[in-house]
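Bear in mind these aren't lab numbers, they're just calculated from the coordinates by the rules spelled out. Predicted model, so just to flag it, every value in this text is computed and none were measured. Note: ideal-geometry Cβ built from the backbone for every residue, glycine included; neighbour counts use all protein chains shown.
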Amino acid sequence: MKETFGTYIRKLRLERDLTLTQLAAKLNLDSANLSKIETGKREFDEKRLIKLANAFGLDIEMLKAEFFSDLIAKKLYQNNCNKETLVMAEEKVKYLRQVNSKQGELKI
């Protein structure tokens, strides 16, 4: 996905001919907030990912990848980070997974 997560939601909604009100009801949101999410004026709440996946019949792992990649990209862009930041982040994820597998659940 090259678009923002909000634009992605809007595209899915329009492809299925749903109104803002119809999708907002499925997500337990009001249509004004969903409109703000779609236009990038408000962030989508991670807790609603399962509802969104169910509303569109999407794989939750794929949807999480779309959501979190958007968050990461926005942070990197806002802070004018270089490509090395992504490499370092990937190394840290590998480290956290390794520590987690050795010590049980890691709490950050």
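What to note about this one:
- Ranking Ile72, Ala53, Gln103 by Cα position along the charge dipole of the chain, where only Lys, Arg, Asp and Glu carry charges on their C-beta atoms, puts Gln103 farthest toward the positive end.
- Degrees separating the helix 5-15 axis from the principal Cα axis of the chain, which is the longest one: 40
- Averaging 1/r across all pairs of distinct Cα atoms in the stretch 5-81 and inverting the result yields a Kirkwood radius of 12.8 Å.
- Among the GluC sites (Glu not before Pro) within the stretch 10-108, those in coil by DSSP and having at most 14 neighbouring Cβ atoms inside 10 Å are Glu43, Glu105.
- Residue-span extension gain [Asp59 to Ser31] - 0.36 nm each, minus C-alpha spacing: 7.7 nm
- Dividing the helix sum by the residues of the chain, where each DSSP H run of 4 or more adds -39500 (n - 2.57), gives a mean residue ellipticity at 222 nm of -22000 deg cm²/dmol.
- With 19 Å as the limit, the listed pairs Lys26/Lys47; Lys26/Lys74; Lys47/Lys94; Lys51/Lys92 have Lys26/Lys74; Lys47/Lys94; Lys51/Lys92 beyond it between alpha carbons.
- Checking every one of the trypsin sites (Lys or Arg not before Pro) in the stretch 35-81 against DSSP loop status and a limit of 11 other Cβ atoms within 10 Å picks out Lys41.
- ³J(HN,Hα) computed for each position of the stretch 96-101 - Karplus, 6.51 cos²θ - 1.76 cosθ + 1.60, integer Hz, glycine/proline x: 4, 5, 5, 4, 4, 5
- In order along the stretch 30-43, the Karplus-derived 3J(HN,Hα) couplings, from 6.51 cos²θ - 1.76 cosθ + 1.60 at θ = phi - 60°, round to 8, 5, 5, 5, 5, 4, 5, 5, 4, 9, x, 8, 8, 7 Hz, and Gly and Pro are given as x.
- The angle separating the long axis of helix 60-78 from the principal Cα axis of greatest extent in the chain is about 70 degrees.
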